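Notes for the one structure printed next.
The values are calculated or read from the model by the stated rules, or taken from the named source; none is laboratory data. As the structure is a computational prediction, the values presented were derived from the model and not from experiment. A quick note on method: Cβ atoms are made from the backbone with ideal geometry, for glycine too, and the neighbour counts reach across all protein chains shown. All accessible areas refer to the heavy atoms of the entire protein, side chains included, with ligands and DNA or RNA removed. Shrake-Rupley method; radii C 1.70, N 1.55, O 1.52, S 1.80 Å.
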Amino acid sequence: MRTNALFATTIASVLVLVAACDPPPPDVPVTPVPTTTPQAAGPRVSKVDLDKVGLEEAALDRKADPCDDFYQFACGGWIEKTQIPADRPLAMRSFVAITDRNEIALKGILEEAQKATPSADPVLDKVGAYYGACMDEAQVEKEGLAGIKPLLDLAGKVKDKKTLLSALVELHKHRIWAVFSMAEEQDFKDATKMLAELDQAGLGLPDRDYYFNEDDKSKSIRETYVGHIEKMLGFAGLKEKDAKKAAQDIMALETELARVSKTRVERRDPAGIYNKIDRAGVAKTVKSLDWDAYFKGIGFPDIQEVNVTSVPFLEGVQKPWTPPNPLSGRAIYWHILRAAAHVAQGDRRRELPHAGGDHRAGAALAGSAAWPPRTGRSARPSRSPS
């Protein structure tokens, strides 16, 4: 046993000595563990001209520091070189070019429709006849007020609720929006449905604030507007004294309408202009109007779902508009003249307001210094539903 133990010990010692005498193993290089994620190669950067990415070199103002005034840097060159057309209140870059192209295309369509009359398409015939009538300046001057006389006669007969209703129905069928407007609108809460929408209307100035702002420019605009109404009524045959009194009365009535109209800020609130009270609610709100007769008269007797952009407006317009107040008939008369203003000629043309294609009043409101070309004025109703 002792011999075996001694032998085992001797062998172990030899093995240890042999291992100690072996040369050390070579160093193995250790690959370091990356501490960050490798970055992918970025896109290749290439130099391109500004026009290739939709920008105009000439529009820039390289003298401006973009860090101080980026708008001047981006648009200064264009502003310096651009002249606002005399018949327009403003100039914009790409949007004006788009409008110009559209009007050229529209003019071509209308002229082709005019040449093709009569054709196999009754709609095309109507378009061509309408445009041709607008462009026939000599005939427009010869006809005078004959084309709108039936409507003016209706305005002159307004003396009670029944005659007021008859006048409103006829005006609204011609898309002349006295008192209120009506149009089809998508239901805000159910996009699969369309409904009727009653909106505030009846103002000759662009916004209700024009009637109340007390700065010098607003006061001047109101004065110009009243003078404009007076002259237009004079062209329609009223004596100077009567036209002056009627213009003041119409301004007073419009001011009352403006008082109950929502502001622009209020009209930006979708929830505020969604008041789906339906036909029954409208009849309850405005009891002075026979709504069954109104909807039947405009050709939509079955309308039931109705949204109202402002219930207080409908409530508030009843008092100033309801006969026997004589102002309602005069105001309707004025609405008709405004609606027909865009085809006027001669002295009447120089008195038209911007909203209807007007010059003198338009210059006061928007700064346009010249009368728009007749082609544009004649095409306006064909590209706008109102």
So what's the gap between the Cα centers of the range 51-96 and the range 145-167, to the nearest angstrom?
-> 50 Å
In sequence order, calculated HN-Hα J values of the range 331-339 (Karplus, 6.51, -1.76, 1.60; Hz; x Gly/Pro) | 5, 5, 4, 5, 4, 5, 4, 4, 5
Candidates per GluC sites (Glu not before Pro) in the range 147-228, loop by DSSP, up to 13 other Cβ within 10 Å | Glu214
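Rounded, prolate or oblate: which one fits the range 66-181, using the alpha carbon gyration tensor with axes a ≥ b ≥ c (rounded when a/c is under 1.5, else prolate when a/b beats b/c, else oblate)? Show your work: numbers first, answer last.
Values: a/c = 2.89, a/b = 1.65, b/c = 1.75.
Since a/c reaches 1.5 but b/c is at least a/b, the shape of the range 66-181 is classed as oblate.
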Which ³J(HN,Hα) values in Hz, rounded to whole numbers, follow from the phi angles of the range 195-207 under the Karplus curve 6.51 cos²θ - 1.76 cosθ + 1.60, where θ = phi - 60° and Gly and Pro get x?
-> 9, 7, 10, 9, 10, 5, 7, x, 9, x, 8, x, 8
Give the long-range amide H neighbours of Lys276: residues separated by 5 or more places, or on another chain, with amide H under 5 Å away, using H modelled in the peptide plane at 1.01 Å from N.
-> Val308
For the peptides 122-129, 64-71, what is the packing order when you average, over each peptide's residues, the other Cβ atoms within 10 Å and list the highest mean first?
-> 122-129, 64-71
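Keeping all protein chains in place and using 1.4 angstrom, which order do Tyr274, Tyr294 fall into by accessible surface area, from largest down?
Descending order: Tyr274, Tyr294.
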Enumerate by residue number the trypsin sites (Lys or Arg not before Pro) in the range 197-292 meeting two conditions: DSSP loop (anything except H, G, I, E, B), and at most 15 other Cβ atoms within 10 Å of the site's Cβ.
-> Lys239, Arg268, Lys276, Lys287
Percent breakdown of C-alpha pair distances by 5 Å bin, ordered from the shortest bin, for the range 204-260 = 4, 21, 28, 22, 15, 8, 2
May I ask you to list the GluC sites (Glu not before Pro) in the range 240-338 that are in a DSSP loop and have at most 15 other Cβ atoms within 10 Å of their Cβ?
-> Glu305
Residue-wise, which Karplus ³J(HN,Hα) couplings in Hz belong to the range 117-132, taking 6.51 cos²θ - 1.76 cosθ + 1.60, θ = phi - 60°, and x for glycine or proline?
-> 6, x, 9, 7, 9, x, 5, 4, 4, 5, 4, x, 5, 5, 5, x
Pull out a ≥ b ≥ c, the square roots of the eigenvalues of the alpha-carbon gyration tensor of the range 146-288, then state rounded if a/c is under 1.5, prolate if not and a/b is larger than b/c, and oblate in the remaining case.
-> oblate
Put Arg330, Arg101 in order of accessible area, largest first, probe 1.4 Å, and you get Arg101, Arg330
State whether the range 238-332 is rounded, prolate or oblate according to the following rule on the C-alpha gyration tensor (a ≥ b ≥ c being the square roots of its eigenvalues): a/c under 1.5 gives rounded; otherwise a/b larger than b/c gives prolate, and the remaining case gives oblate.
-> oblate
